[in-house]
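The structure appears right after this line, and notes come after that.
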Amino acid sequence: YKETRFERILFPWRVKRWRNVSLIMFKKSLLLLLWDLTIVGGWIKRYSYQMVPYLAAENPDMDHREIFRLSMEMMRGNKFRAFVLDLSLTGWYLLNILTLGILRYFFILPYTEVIYGKLYLSLREEALAQRPELARYMNDRLLCPGNGVPEYPVESYPLYNPAVKRWIRIHYDRKYSWTSLVLMFFTFSFIGW
């Protein structure tokens, strides 16, 4: 969607599913770190787990084992395709080195994330065409842009609950105990230091 707002990044917190998504992403990082200790396994598993963030974003309630299994199934036979896609981005990474990393944050990261998102949509369509039983995992029917809507309709998401739309609740007149005040003093003093 072309007019997606910046606050869409906070969507897992709005629907109160951030713990599971954080656990999944931590497990992905930990597994990739362990696989990088092997000679070839790190490269293979990096491509096997490439769809994990997209699957977790689409269905944040899914079990982490199911997400990793589904990502490996989606990437089976497509790892070389993803590798060629990464090779096509080599010029951008070389240009990033010439600009001392400045270009990475303003252009390269958004560009590559859009490319990987399109790869996920393509692999998602292929997986649903080959195995219709996966539709229970890939249940977001609004992921297909081009239906005339400029922004993702958050209110139509299956997990959206309008009661939690105001997810930040701050009470300014809260009373703190003396132990909390002392703890906050030392915590903020350490952070300030």
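Accessible area per residue of segment 1-91 at 1.4 Å probe, in Å²?
On a per-residue basis, 61 Å².
Filter the GluC sites (Glu not before Pro) in segment 1-100 to those in DSSP coil with at most 13 other Cβ atoms within 10 Å of their Cβ, and list the result.
Here the GluC sites (Glu not before Pro) that fit, given the DSSP loop and packing criteria, are Glu3.
What shape does segment 3-153 have by the C-alpha gyration tensor, where a ≥ b ≥ c are the square roots of the eigenvalues, rounded means a/c under 1.5, and otherwise prolate means a/b greater than b/c and oblate the rest?
Rounded, since a/c falls under 1.5.
Say a paramagnetic label sat at a point 7 Å from the Cα of Leu34, along Cα to Cβ; which residues of segment 65-86 have their backbone N under 20 Å from it?
65-73
What does the extension gain come out to for Arg65 and Ser177, with contour length at 0.36 nm per residue minus their alpha carbon separation?
36.1 nm
The values are calculated or read from the model by the stated rules, or taken from the named source; none is laboratory data. Note that the structure is a prediction, hence the values are computed from the model and not measured. Reconstructed Cβ throughout: ideal geometry from the backbone, glycine too, with neighbour counts over all protein chains shown. Each accessible area value is taken on the protein alone, full model and side chains, heavy atoms only, with ligands, DNA and RNA left out. Shrake-Rupley method; radii C 1.70, N 1.55, O 1.52, S 1.80 Å.
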